[in-house]
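Report on the structure given below.
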Amino acid sequence: MIRLNMRTKIIRAVIAGLILVAALPFVIRWAVSVWARDRVHDTLADLPAQRVAIVFGAGIRGERPTPMLYDRVASAADLYHAGVVQKLLMSGDNRFEDYNEPRVMRAVAIELGVPERDIVPDYAGRSTYDTCYRAREIFGVTRAILVTQRFHLDRALMICNGLGIQAHGYSADRRVYYTVWWNELREVPALINALVEVYITRPLPVLGEPIPIDAEQSPSQEMSDFFEKPDA
């Protein structure tokens with residue numbers, strides 16, 4: 001009987017431990033969400049004016065943005081036209097010749113009335129971490145408004161603030177996205193990975209010569225020569 005009771009206690013302890021381990025990432029996700037709550041804004045009136053808005057890539061289909069990416073660019077254009085920001089840092093993936101998120105983002109922003117001179121493309125924003133790291137180290141951004149969907153803002157804010165950018169977030173939710181459940185679910189492991197990158201491993205993304213946005217120089221020459229191939 002004693003041995004049976006001991007075995008039962010051990011099994012219960014193991015089960016409790018497994019539940020705790022499984023629940024911990026969700027607890028961390030909740031804690032970061034609470035931390036970010038006062039930094040997330042849904043209306044233009046609530047936003048502190050900044051020089052730069054960082055717009056994160058979200059996929060393209062040929063030369064057109066996904067609905068999620070279009071909404072990010074459109075929301076950033078709203079910030080620009082309202083005078084909340086003066087420059088749009090369009091950061092996305094361009095590691096393949098036929099996949100160029102920043103070029104598509106820039107084209108959409110121009111369609112929406114943003115002058116090309118105020119659009120700064122970053123062709124090496126392969127991840128949220130890379131975008132934030134390069135914004136600080138390459139483009140000299142120390143304060144910014146982050147433009148992305150609400151599910152992504154907590155992680156983006158945590159990364160940027162952890163890398164030395166004082167950031168606020170502007171929600172780009174302009175419609176209901178059919179992948180919303182998957183987006184929320186994948187944020188849990190993505191957030192844990194981001195915490196490890198920011199506070200433990202600090203991996204280096206693709207870097208280059210600093211080109212501060214305040215210097216009024218376009219980074220297209222530096223990065224397009226390396227990533228973007230001319231049209232045939």
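What follows is calculated from the coordinates using simple rules that are stated; it is not laboratory data. These figures come from a predicted structure and were not determined experimentally. Heads up, the Cβs are rebuilt from the backbone with ideal geometry, glycines too, and the neighbour counts pull from every protein chain shown.
Tabulated values for the structure
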read-out: Long-range amide H partners of F139 with built H, under 5 Å; value: I211
read-out: Separation in nanometres of the label points that stand 7 Å from Cα toward Cβ, at A31 and E63; value: 4.8 nm
read-out: Nonlocal amide H pairs with H41, under 5 Å, H built at 1.01 Å; value: G169, Y170, S171
read-out: Under-5 Å amide H pairs with L47, H placed in peptide plane, nonlocal only; value: none
read-out: In Hz, Karplus ³J(HN,Hα) per residue of region 177-191 (6.51, -1.76, 1.60; θ = phi - 60°; x = Gly, Pro); value: 9, 5, 9, 4, 5, 5, 4, 5, 5, 6, 5, 5, x, 5, 5
read-out: Least to most buried among V52, V176 (fewest other Cβ within 10 Å first); value: V176, V52
read-out: Taking the C-alpha atoms of region 39-227, convex hull volume expressed per residue in Å³; value: 107 Å³
read-out: Distance (nanometres) between label positions extended 7 Å along Cα→Cβ at A45 and E116; value: 3.8 nm
read-out: In sequence order, calculated HN-Hα J values of region 27-44 (Karplus, 6.51, -1.76, 1.60; Hz; x Gly/Pro); value: 5, 5, 4, 5, 5, 5, 4, 5, 4, 7, 3, 6, 9, 9, 10, 9, 10, 5
read-out: Which of F56, F139 has the fewest Cβ neighbours within 10 Å, and the rest in rising order; value: F139, F56
read-out: All Cα pairs of region 166-215, percent lying beyond 14 Å; value: 75 percent
read-out: FRET efficiency, L24 to F96 (Cβ-Cβ, R0 45 Å, nearest 0.05); value: 0.80
read-out: Cβ-based exposure ranking for H81, H168, in which fewest neighbours within 10 Å come first; value: H81, H168
